[in-house]
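Worksheet: one structure, shown below.
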Amino acid sequence: MIILAFESSCDETAVAVVEDGRKVLSDAILSQADMHALYGGVVPEIASRKHVEAIAGLTDQALAQAGIGKTDVDAVAVTYAPGLIGAVLVGVSFAKSVAYGLGVPLIPVHHIRGHIAANYLAFPELEPPFLALAISGGNSLIVDVRDYTDMEIIGATRDDAAGECFDKIARVLGLPYPGGKPMDLLAQQSAGGKYVLPRSHVDGADLDMSFSGLKTAVINLVHKAQQKGEELDAAALARDFTRAVSDELVPRTMEAARRTGRRTIVAAGGVAANTIIRADLEQACREMGCTLYLPPLKYCGDNGAMIGAQGYYEYQAGRRADWDLNAYATMELNEK
Ligand code: KG4
């Protein structure tokens, strides 16, 4: 089954062709990051306009790279939630018109489900059930993936997402947007151990996380140093900050594995590209005898192929959208 898939929830316009949920025939992506970097973060209105400009050309490119024609497409999949509402709306509107024009089914895909499904593209042997740590610019979740479309959130951030936190701290340290990768590179230049940063605990929900206290602590630390004219060790701070983020994520994921009895752990989302978090997950899984799947870097960030992968399994489960499909800025990943 050939699925033409669209992703436009943030600042990447992406169109892909995926066969049977596992084989990527093409994966065309146009990132707007350089443009948003001028403003230190994503400007929603610019993102929407850039998606409008890019999406038709990328669709032609994806079909050409896959070596197929429009009539070979069996279904269209699209991210319909969550994301920047104007940006998601562009993908949804375009996908609707393509599916309608071709007379093929339209499949709505939750963005985070897509991130998790990126692993199916990289690891042919991977099948649910497993536990997923989904960490991106807008979400930080521990998810029990019982089946391809049957998932339960068992831990979530109560405030900011991990990626958002990386981006904010990078900004106060004067690093470019998006800040995750530059922070990653900076952290590798130091062994850290210089700055004491808070860890969170959510009473009565110990698998839930919180990043806003950590974010505020680092921002205050930087501002105080600036006011006093003290020199900051930015590399050590990046390292200690990343360690604190990893301490929020990795022990809770392993505890979730203990409680659910899952022995397969899957990482997903942009923050899953982080060197220290990947190493910590590897070590923790080794110690606990769990099998770990870390997506290749190209499948950590937003892409269309992951939507094609999840779209296939949503289709198999009978999921179809009507022509009145809407876009949603927020939506739980197990919400219908
Ligand atoms: O999954 P993604 O591409 O988009 C969303 O769905 O949100 O995630 C983007 C986030 C950004 O916050 C970016 O700074 C972060 O992932 N990121 C990283 C790294 N690479 C990207 N965070 C930490 N370390 C990285 N190497």
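The values are calculated or read from the model by the stated rules, or taken from the named source; none is laboratory data. Source: prediction; values computed, not measured. For neighbour counting, all protein chains shown are included, and Cβ atoms are generated from backbone atoms with ideal geometry for every residue, glycine included.
If you go through the stretch 285-298 one residue at a time, do you hit one that is of a type in the set (A, V, I, L, M, F, W, C), buried (at least 19 other Cβ atoms within 10 Å of the Cβ) and part of a helix (DSSP H, G or I)?
yes
Kindly indicate which of G114, G91 is within 16 Å of the ligand (Cβ to nearest atom) and either modelled with pLDDT under 95 or closer than 16 Å to Y315 by Cβ (or both).
G114
Out of all the residues in the stretch 2-22, which are of a type outside the set (V, I, T), at negative phi and touching a residue at least 60 places away in the same chain (Cβ under 8 Å)?
Scanning the stretch 2-22 gives L4, A5, F6, E7, S8, S9, C10, D11, E12, A14, A16, R22.
Which of the residues that make up the stretch 170-206 are closer than 18 Å to N139 by Cβ and in contact (Cβ under 8 Å) with a residue 60 or more places away in the chain?
Of everything in the stretch 170-206, those that are closer than 18 Å to N139 by Cβ and in contact (Cβ under 8 Å) with a residue 60 or more places away in the chain turn out to be P178, G180.
Looking at V17, is it more than 17 Å from the chain's Cα centre (by Cα), buried (at least 17 other Cβ atoms within 10 Å of the Cβ) and over 25 Å from R319 (Cα atoms)?
Criteria not met by V17.
Would you check which residues across the stretch 255-284 are of a type in the set (S, T, N, Q), touching a helix residue (DSSP H, G or I) at 6+ places or on another chain (Cβ under 9 Å) and in a helix (DSSP H, G or I) and list them?
T275, Q283 - these are the residues of the stretch 255-284 that are of a type in the set (S, T, N, Q), touching a helix residue (DSSP H, G or I) at 6+ places or on another chain (Cβ under 9 Å) and in a helix (DSSP H, G or I).
Quick check on the stretch 265-302: of everything there that is β-branched (V, I, T) and within 13 Å of the ligand (Cβ to nearest atom), which residue is farthest from A14 (Cα to Cα)?
Across the stretch 265-302, the extreme among qualifying residues is I276.
When the residues of the stretch 138-168 are narrowed to those that are hydrophobic (A, V, I, L, M, F, W, C), surrounded by 24 or more Cβ atoms within 10 Å (Cβ to Cβ) and within 11 Å of the ligand (Cβ to nearest atom), which ends up nearest to E314 (Cα to Cα)?
A162
Filter the stretch 276-311 down to the residues that are free of Cβ contacts under 8 Å to residues at least 24 places away in the same chain and of a type in the set (G, A, S) and list them by number.
A279
Name every residue in the stretch 207-231 that is in contact (Cβ under 8 Å) with a residue 12 or more places away in the chain and in a loop (DSSP other than H, G, I, E, B), in order of residue number.
L207, D208, S210, F211
Please state which one of A64, A54 is more than 16 Å from the ligand (Cβ to nearest atom), under 19 Å from L89 (Cα atoms), not β-branched (V, I, T) and not in a strand (DSSP E or B).
Criteria check complete, one pass: A54.
Taking the condition among the aliphatic types (A, V, I, L, M), within 21 Å of V250 (Cα to Cα), within 15 Å of the ligand (Cβ to nearest atom) and touching a helix residue (DSSP H, G or I) at 6+ places or on another chain (Cβ under 7 Å), does I135 pass?
Taking the combined requirement at face value, the residue satisfies it.
If you check every pair at least six apart or on different chains, which have Cβ atoms under 9 Å apart with a residue in the stretch 80-102 that is acidic (D, E) first and a residue that is surrounded by 21 or more Cβ atoms within 10 Å (Cβ to Cβ) and part of a helix (DSSP H, G or I) second?
Listed by first residue and then by second, the contacts come to nothing, as the list is empty.
Scan the stretch 169-181 for residues that are within 8 Å of the ligand (Cβ to nearest atom) and crowded, with 23+ Cβ neighbours inside 10 Å and jot them down.
A170, P178, G179, G180
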